[in-house]
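The values are calculated or read from the model by the stated rules, or taken from the named source; none is laboratory data. All values derive from a computational prediction rather than experimental measurement. All Cβ positions, glycine included, derive from the backbone under ideal geometry; neighbour counts span all protein chains shown.
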Amino acid sequence: MRNFISVEDVQDINGLVRKALDFKADPLKNKQAGAGKRIGLIFLNPSMRTRLSTQVAAANLGMEAIVFNVGQDGWTLEFEEEAIMSGNTVEHVKDAAPILGNYFDILAIRTFPSLQNKADDYSELYIKQFIKYAGIPVLSLESATLHPLQSLTDILTIQEHFKEKRRPKIVLTWAPHVKALPQCVGNSFSQWVNAWGEADFVITHPEDYELDKQFTQGASITHDQDYALRDADFVYVKNWSTYNDYGRIYCNDPAWMLTNEKLLKTNHAKVMHCLPVRRNVELSDEILDGANSIVTQQASNRVWAAQAVLSELLKNTKG
Amino acid sequence: MRNFISVEDVQDINGLVRKALDFKADPLKNKQAGAGKRIGLIFLNPSMRTRLSTQVAAANLGMEAIVFNVGQDGWTLEFEEEAIMSGNTVEHVKDAAPILGNYFDILAIRTFPSLQNKADDYSELYIKQFIKYAGIPVLSLESATLHPLQSLTDILTIQEHFKEKRRPKIVLTWAPHVKALPQCVGNSFSQWVNAWGEADFVITHPEDYELDKQFTQGASITHDQDYALRDADFVYVKNWSTYNDYGRIYCNDPAWMLTNEKLLKTNHAKVMHCLPVRRNVELSDEILDGANSIVTQQASNRVWAAQAVLSELLKNTKG
Amino acid sequence: MRNFISVEDVQDINGLVRKALDFKADPLKNKQAGAGKRIGLIFLNPSMRTRLSTQVAAANLGMEAIVFNVGQDGWTLEFEEEAIMSGNTVEHVKDAAPILGNYFDILAIRTFPSLQNKADDYSELYIKQFIKYAGIPVLSLESATLHPLQSLTDILTIQEHFKEKRRPKIVLTWAPHVKALPQCVGNSFSQWVNAWGEADFVITHPEDYELDKQFTQGASITHDQDYALRDADFVYVKNWSTYNDYGRIYCNDPAWMLTNEKLLKTNHAKVMHCLPVRRNVELSDEILDGANSIVTQQASNRVWAAQAVLSELLKNTKG
């Protein structure tokens, strides 16, 4: 694996999941794999789970992780080619990335979308510029439109819970929120479930809240949440902002919040969420504190997903 | 020791002090005790000494310490049960703490009081919620009303300096300051000296600047600083804000600042302060730069106190 | 080497460069030199390259590096003797530094100038106070008027590129910028090239943009950039603010920006810059992306310079 920024970087999803579950069973089974190697964790935006789970995963592999919060610890970066840098950005990624590529063996980047301009965000300029100029493997810690470490964790968590011979029914449902959020987690989960191909996959959201078709293709999409939930084995709850009139909050109908009553329509579905979750806005206390919620397990699994990906990327590091 | 948030978590104060002094004599004597263990240092508020001394202590025990500044690196947490999270908090401690409990073996938390509402602060909701939901040992790096790592250091430093057979006289004196500060250090020092029980303990402060009775019980309390200082062996200087009309600055009488002239009333008392100290407001240059000050030694001892506590908490970590 | 805050701390520049190049050839050749030793990296101002390269250098020597951002993670420091601290500073360096000196084996400090008061900045009060009170070796990560780790890297990079018997011609040229910047890099480069003594050294800048004479003595200084560039082997490009009417931007003439056309006057000069660089303001894309630029190599060499200096400072650490 050269980089890890989307499911397209993965040849064998089930193999990668198995690798992650092996690490869960024995975290230190490869404790020398990263000896003498360094990963730079570069945050253009805040992070808790992703940062901590990746630090833990790196340590389990014997790697040294160095965290750098761009803009807080250091500089504001420029990403546009040929920019005349007389404004607020103090360094171009063309200059910063090669140096980071010399200091580190793997570069991990978090960079959120602006939610101002869809074409810009979906071009994934920031993470692509890091890949272009760093010269070492690049790991996405969530980019403008995708969150692959989360999605690998999600597939892994589903596999841990579903042992029947048939295909599980997985529902991704939009939920209300008070802030305009990225589409990354929804896009990425869709891309991974579709690429995995071993589930019946339904996406439900209000009008105007589409995800990007390049990622959802293969899923059934409906505006009828009740219909979507029927017989679901897994319900993935997540808010995202509008797609066409980009990055806004239109409808914020509380009726879209999942409740125990709605869960009755499902096949005792396990409830998932990537966290952080706004309690009693996105998801009710009764669900989160109930027996169906697997959100803590899901977030805890982030370590093993990161460890599996890092152990693959390590194979492409220098000498 | 299951958690360390107050002296009540300690069975044998002198034993813990001895353990700390053993580490001071030989910092690496237990350098494998924490091998493969991780401590998360979660700061809801700033810290220098506490953060650095705990990092050093953890490293001396072979543990890996990961620092996370909540709200700066990441998210603003919600602590109220059943909150409808449509405001500024983005994650509930109920969701964050169990995951931190899975990523780490010990969780260390710093959380200051609001100084807005006494009942809220004294309920210690924040640190108690972490204990309730983390599922692993919790270490206070200073909470709303107590600062036990500081107090253990203080008792240790007193024991290093006092070798006579008789009971030392220890005076805790309020000092002026320009900002409304928590009562933690005063409360906690009082709680520890009283629990230790091997000193004559006098607290002196202006009217309205009480500490909480649950912690001061056992001490003599007077508003007459001159009287209190008489024959003192140790004078602990510290500002805190008002108690009844909570969290304010009333009197800020500079006459309460300790001077060399006042020290003459004491028995060549050693002068202590937890630092940071506002020079020439809380304590004069002449005292801090004089022979009686032991504040540097006291702050340096923070490492050994933290190391002793961590080595006890390690005994209650998983697998 | 007791401290490293200017070239005056170095007895043998070429010896130190050789040491650095040895580490470049074999980064882990001394991987136990710093075992059990700790370096505190204290940032009063932001940093990327300096912070990361020093962390990597420390790790290569087996040292533990702990980063602390003063004012962000912790406290605002007071540096004036006898200050009455009733304002915004919460701790005096007299109190903080000795404790840091007890927690760490080496203390590394970054502290920028105010650019408000030349005498204050050039007194180097901040870093001198750390040296005075820390009691352990102090390493400058860039101070108010000098940046010695950068300059050592610069000499090293020049030596890597120049293998002829004759003396190279080195030109330091001022460049336009949109912000008032410190004079550190220019001062320090001048001080080091002059102390090294193995080059013909020319400094060129507009009127009013002098550097400090104590550092430039020995160099030729001219306001005619074209004349300065003639036959240059190395052109070091850097902005700094005015000297006499201190810390301002007067002329910001874009004609001072280096171009390929200007490079034709040189002897195929290598172009250097300490980074970060404002593209198309300080230096054009055509230069930075062209064959003559060695800025990435230069920045990458920061690791080896830091490693050489740390290995020298380690010899003066306690026990």
Check your understanding: Among the residues of segment A:47-63, how many are at pLDDT below 95 and either of a type in the set (S, T, N, Q) or closer than 21 Å to C:Ala65 by Cβ (or both)?
Key -> 1
Point to revise | Members of segment B:206-219 that are under 19 Å from the mean Cα position of the chain (by Cα) and assigned to a loop (DSSP other than H, G, I, E, B) | key: B:Tyr209, B:Glu210, B:Leu211, B:Asp212
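Does segment C:12-26 contain at least one residue that is of a type in the set (Gly, Ala, Ser), within 14 Å of chain A (Cβ to nearest Cβ) and farther than 30 Å from C:Gly197 by Cα?
No; the residues of segment C:12-26 include none that is of a type in the set (Gly, Ala, Ser), within 14 Å of chain A (Cβ to nearest Cβ) and farther than 30 Å from C:Gly197 by Cα.
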Point to revise | Any pair with Cβ under 7 angstrom, 6 or more apart, that starts in segment A:160-189 at a residue that is under 20 Å from A:Tyr227 (Cβ atoms) and ends at one that is surrounded by fewer than 16 Cβ atoms within 10 Å (Cβ to Cβ) and at pLDDT below 95 | key: A:Pro176/A:Asn252; A:Pro176/A:Asp253; A:Pro176/A:Pro254
Check your understanding: Is it the case that B:Pro254 is of a type outside the set (Asp, Glu) and either surrounded by 21 or more Cβ atoms within 10 Å (Cβ to Cβ) or closer than 26 Å to B:Glu142 by Cβ (or both)?
Key -> no
Exercise for review: Mind checking which strands (runs of 3 or more DSSP E) fall wholly inside segment A:220-302 and carry at least 1 residues that are closer than 18 Å to A:His147 by Cβ?
Suggested key: A:234-238, A:270-272
Practice item. From the list B:Glu261, B:Glu282, B:Glu312, pick out the single residue that is over 19 Å from the mean Cα position of the chain (by Cα) and on the phi < 0 side of the Ramachandran plot. Key: B:Glu261
Study note, to complete from the structure: Within segment C:69-96, of all residues that are over 21 Å from B:Ala57 (Cβ atoms), among the hydrophobic types (A, V, I, L, M, F, W, C) and facing chain B (nearest Cβ under 7 Å), the one surrounded by the fewest Cβ atoms within 10 Å (Cβ to Cβ) is C:Ile84
Practice item. For segment C:76-85, state whether one or more residues are more than 30 Å from B:Met257 (Cα to Cα) and either without any contact (Cβ under 8 Å) to a residue 12 or more places away in the chain or within 20 Å of the chain's Cα centre (by Cα) (or both). Key: no
Exercise for review: Take segment C:22-32 and flag every residue that is surrounded by fewer than 16 Cβ atoms within 10 Å (Cβ to Cβ) and under 13 Å from C:Ala305 (Cα atoms).
Suggested key: C:Ala25
Review point. For C:Ile127, all conditions in the list (1) in contact (Cβ under 8 Å) with a residue 24 or more places away in the chain; (2) within 14 Å of another protein chain (Cβ to nearest Cβ) hold save one; what is the number of the exception?
Key: (2)
Exercise for review: State all residues of segment B:278-302 that are among the aliphatic types (A, V, I, L, M) and either surrounded by fewer than 24 Cβ atoms within 10 Å (Cβ to Cβ) or more than 7 Å from every other protein chain (Cβ to nearest Cβ) (or both); if no residue qualifies, say none.
Suggested key: B:Val281, B:Leu283, B:Ile287, B:Leu288, B:Ala291, B:Ile294, B:Val295
Point to revise | Every residue from segment A:128-151 that is touching a Lys or Arg at 6+ places or on another chain (Cβ under 9 Å) and within 25 Å of A:Tyr209 (Cα to Cα) | key: A:Ser140, A:Leu141, A:Glu142, A:Ser143, A:Leu149, A:Gln150
Check your understanding: Taking only pairs six or more apart or across chains, which ones have beta-carbon atoms under 8 Å, a first residue in segment A:1-14 that is under 22 Å from A:Gly135 (Cβ atoms), and a second residue that is polar (S, T, N, Q) and assigned to a helix (DSSP H, G or I)?
Key -> A:Met1/A:Asn316; A:Arg2/A:Asn316; A:Ser6/A:Ser188; A:Ser6/A:Gln191
Review point. On the given criteria, is B:Thr153 surrounded by fewer than 24 Cβ atoms within 10 Å (Cβ to Cβ), within 30 Å of B:Leu21 (Cβ to Cβ) and β-branched (Val, Ile, Thr)?
Key: no
Exercise for review: Quick one: which residue in A:Asp245, A:Asp226, A:Asp233 is under 19 Å from A:Val171 (Cα atoms), in contact (Cβ under 8 Å) with a residue 24 or more places away in the chain and loosely packed, with under 14 Cβ neighbours inside 10 Å?
Suggested key: A:Asp226
Study note, to complete from the structure: All conditions in (1) touching a Lys or Arg at 6+ places or on another chain (Cβ under 6 Å); (2) away from chain A (no Cβ under 14 Å) are true of C:Val309 except (1)
**Study point:** Qualifying position, being at the interface with another protein chain (Cβ under 10 Å from one of its Cβ atoms), out of contact with any Leu (no Cβ under 7 Å at 6 or more places or on another chain) and among the hydrophobic types (A, V, I, L, M, F, W, C), among C:Ile42, C:Ile66, C:Ile99
**Key:** C:Ile99
Point to revise | Cβ pairs under 6 Å, 6+ apart, first in segment C:193-219 and of a type in the set (Asp, Glu), second surrounded by 20 or more Cβ atoms within 10 Å (Cβ to Cβ) and part of a helix (DSSP H, G or I) | key: C:Asp212/C:Asn187
Review point. Restricting the search to segment C:113-131, which residues are more than 20 Å from C:Ala180 (Cα to Cα) and either among the β-branched types (Val, Ile, Thr) or loosely packed, with under 15 Cβ neighbours inside 10 Å (or both)?
Key: C:Ile127, C:Ile131
Revision key, fill the gap. Only one of (1) over 13 Å from the mean Cα position of the chain (by Cα); (2) not in a loop (DSSP other than H, G, I, E, B) does not apply to C:Pro176, and that is (2)
Check your understanding: Do we have A:Val271 as in contact with a helix residue (DSSP H, G or I) (Cβ under 6 Å, 6 or more places away or on another chain) and either surrounded by fewer than 22 Cβ atoms within 10 Å (Cβ to Cβ) or of a type in the set (Val, Ile, Thr) (or both) here?
Key -> yes
Check your understanding: What are the residues in segment C:23-35 that are of a type outside the set (A, V, I, L, M) and in contact (Cβ under 8 Å) with a residue 12 or more places away in the chain, if any?
Key -> C:Phe23, C:Lys24, C:Pro27, C:Asn30, C:Lys31, C:Gln32, C:Gly34
Review point. Could you count how many residues in segment B:33-59 are surrounded by fewer than 21 Cβ atoms within 10 Å (Cβ to Cβ) and more than 22 Å from B:Tyr103 (Cβ to Cβ)?
Key: 1
Exercise for review: Specify which of the listed residues (A:Gly186, A:Gly197, A:Gly135) is assigned by TED's automatic domain parsing to the domain that holds A:Trp240 and surrounded by fewer than 23 Cβ atoms within 10 Å (Cβ to Cβ).
Suggested key: A:Gly197
Check your understanding: For A:Gln129, which of the numbered conditions (1) over 17 Å from the mean Cα position of the chain (by Cα); (2) part of a helix (DSSP H, G or I); (3) more than 30 Å from A:Gly36 (Cβ to Cβ) fails to hold?
Key -> (3)
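Test of understanding: among B:Asp200, B:Asp224, B:Asp208, B:Asp289, which residue is of a type outside the set (Gly, Ala, Ser) and closer than 30 Å to B:Phe4 by Cβ? Can you show your working first?
Working: B:Asp224 fails: closer than 30 Å to B:Phe4 by Cβ; B:Asp208 fails: closer than 30 Å to B:Phe4 by Cβ; B:Asp289 fails: closer than 30 Å to B:Phe4 by Cβ.
Testing whether each residue is of a type outside the set (Gly, Ala, Ser) and closer than 30 Å to B:Phe4 by Cβ leaves just B:Asp200.
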